[in-house]
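Peer 1: Starting off with a structure, shown below.
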Amino acid sequence: MLTTLQNQDPTDPEDVSEMTTQLATFEQLELAENNNALLSDLSESLLTLQGVIDNSAAQSYLGTDVVAVGDTAPLEDGEAEWYFVLDDDASNVSIEITDEDGNVVYETTVTGAEGANNFTWDGVTDGGSTLSSGTYTLSVEATDSDGNSVDSEILMTGVVSAIDLTGDEAVLYVNGVDIAISDVQGTQTVS
C-alpha cells in the first residue's frame with residue numbers, strides 16, 4: 001500500500017475506498033496476530049496450571065492406601081495382597097506367584113466371580129517355607145465352566161510412601177513398587 005501511495009499518479013489518485021479496505025484488512029491481520037499471541041500465552045498458562053493441579057492430586061495420595069493396575073506387590077509382615085478382576089464368573093482361576101528373579105514360588109487354583117476378587121498370600125511357598133519380604137508378581141489365567149478363557153486384570157494395593165513429580169506423569173512409590181498415577185483405580189481405608 002505504501003508503494004502504491006509513493007508511486008501513484010497525482011492526476012489519477014488511488015480510490016479512497018480501496019485504500020480504506022486495505023487499511024482495514026491490515027488492521028484485522030494485526031488484531032488476529034495479537035489474538036493468536038494472547039491465546040498462545042493463555043494455553044501455556046493453562047498447561048502450567050494443569051501441571052500444578054496434577055502435582056497437587058498426586059501429593060494427595062501420599063500416605064494413602066491405593067488400588068492400582070499392577071501385578072507386582074510387596075510381601076510385608078507376612079502378607080501380599082492383590083485383586084484380580086474377571087469379566088465373567090470363572091470356575092477355574094490358576095494363580096501363580098513369582099519372585100523378583102522370575103522363579104515360581106507358589107501356585108494354586110481357586111474360583112472367581114465376575115468383578116473384583118481379593119487374593120492374599122501369606123508368603124509360604126508350595127514347599128512350605130516362608131519367604132522374606134520383597135516384591136512378588138501375580139499372574140492369573142481364568143476359564144469358565146465350559147473351559148472358555150475369561151479375561152482378567154490384576155490390581156495391587158499398598159500405601160503410597162513417596163511421589164516422583166519430575167517426569168511427564170507423576171509416579172507413586174507403593175511399598176517399593178512404582179505406579180503411574182494414571183494406573184490408580186481407587187483408594188482404601190488404611191486399617
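Peer 1: Please name whichever of N103, V140, A57 sits farthest to the positive end of the charge dipole of the chain, dipole taken about the Cα centre and charges placed at Cβ: Lys and Arg +1, Asp and Glu -1.
Peer 2: The one lying farthest along the dipole's positive direction is A57.
Peer 1: So, R0 is 25 Å and r is the distance between the beta-carbons of T64 and S94; what FRET efficiency does that work out to, to 0.05? Don't skip to the answer; put the middle values down first.
Peer 2: Details: r = 32 Å, r/R0 = 1.27.
For T64 and S94, the calculated efficiency is 0.20.
Peer 1: Return one number: the angle in degrees, 0 to 90 and rounded to the nearest 10, between the long axis of the Cα atoms of helix 16-60 and the longest principal axis of the Cα atoms of the chain.
Peer 2: 20
Peer 1: Between Q185 and L38, what is the FRET efficiency for a Förster distance of 45 Å, r being their Cβ-Cβ separation, to the nearest 0.05?
Peer 2: For R0 = 45 Å, the calculated efficiency reads 0.70.
Peer 1: Please find, in a Gaussian network model of the chain (springs between Cα atoms separated by less than 10 Å), the residue of S17, S45, S129 whose mean-square fluctuation is greatest.
Peer 2: Among S17, S45, S129, the largest mean-square fluctuation in the Gaussian network model of the chain belongs to S17.
Peer 1: Here is a follow-up. Could you work out the helix-only [θ] at 222 nm for the chain, with each DSSP H run of four or more residues adding -39,500 (n - 2.57) and the total divided by the number of residues, to the nearest 500 deg cm²/dmol?
Peer 2: Mean residue ellipticity at 222 nm (helix-derived): -9500 deg cm²/dmol.
Peer 1: Test of understanding: what is the full-extension gain from E153 to T20, defined as 0.36 nm times their sequence separation minus their Cα-Cα distance?
Peer 2: Taking 0.36 nm per residue and subtracting the Cα distance, the gain is 41.1 nm.
Peer 1: Now for a different question. What order do you get for S152, S43 when you list them from fewest to most C-beta neighbours inside 10 Å?
Peer 2: On the way: S152 18, S43 10.
The fewest-first ordering by Cβ neighbours comes to S43, S152.
Peer 1: OK, next. Would you grab the residues whose amide H sits under 5 Å from the one on V105? Only those 5+ places off in sequence or on another chain, please, with H modelled 1.01 Å from N.
Peer 2: I97, T98, D99
Peer 1: Could you list the GluC sites (Glu not before Pro) in the range 141-191 that lie in coil according to DSSP, counting only those with at most 16 other Cβ atoms within 10 Å of their Cβ?
Peer 2: Filter output for the range 141-191: E169.
Peer 1: If you don't mind, another one. Between A113 and E27, what is the label-point separation in nm under the 7 Å Cα-to-beta-carbon projection?
Peer 2: 7.3
Peer 1: Among [x] 1.94; [y] 1.23; [z] 0.98, find the value of Cα Rg over 2.2 N^0.38 Å that was calculated from the structure presented, and write down its label.
Peer 2: Given [x] 1.94; [y] 1.23; [z] 0.98, the calculated one carries the label [x].
Peer 1: What do you get for chymotrypsin sites (Phe, Trp or Tyr not before Pro) in the range 71-142 restricted to DSSP loop and a cutoff of at most 13 other Cβ within 10 Å of the site's Cβ?
Peer 2: Counting only loop positions with at most 13 other Cβ atoms within 10 Å, none of the chymotrypsin sites (Phe, Trp or Tyr not before Pro) in the range 71-142 qualifies.
Peer 1: Something else now. When the dipole is taken about the Cα centre of the chain, and only Lys, Arg (+1) and Asp, Glu (-1) are charged at their Cβ, what size is it in debye, to the nearest 20?
Peer 2: I would put it at about 580 debye.
Here, each number is a calculation from the coordinates, and none is a lab measurement. Being a predicted model, the structure only gives us computed values, none of them experimental. Because the Cβ atoms are built from the backbone with ideal geometry, glycine has one as well, and the counts that use them run over all protein chains shown.
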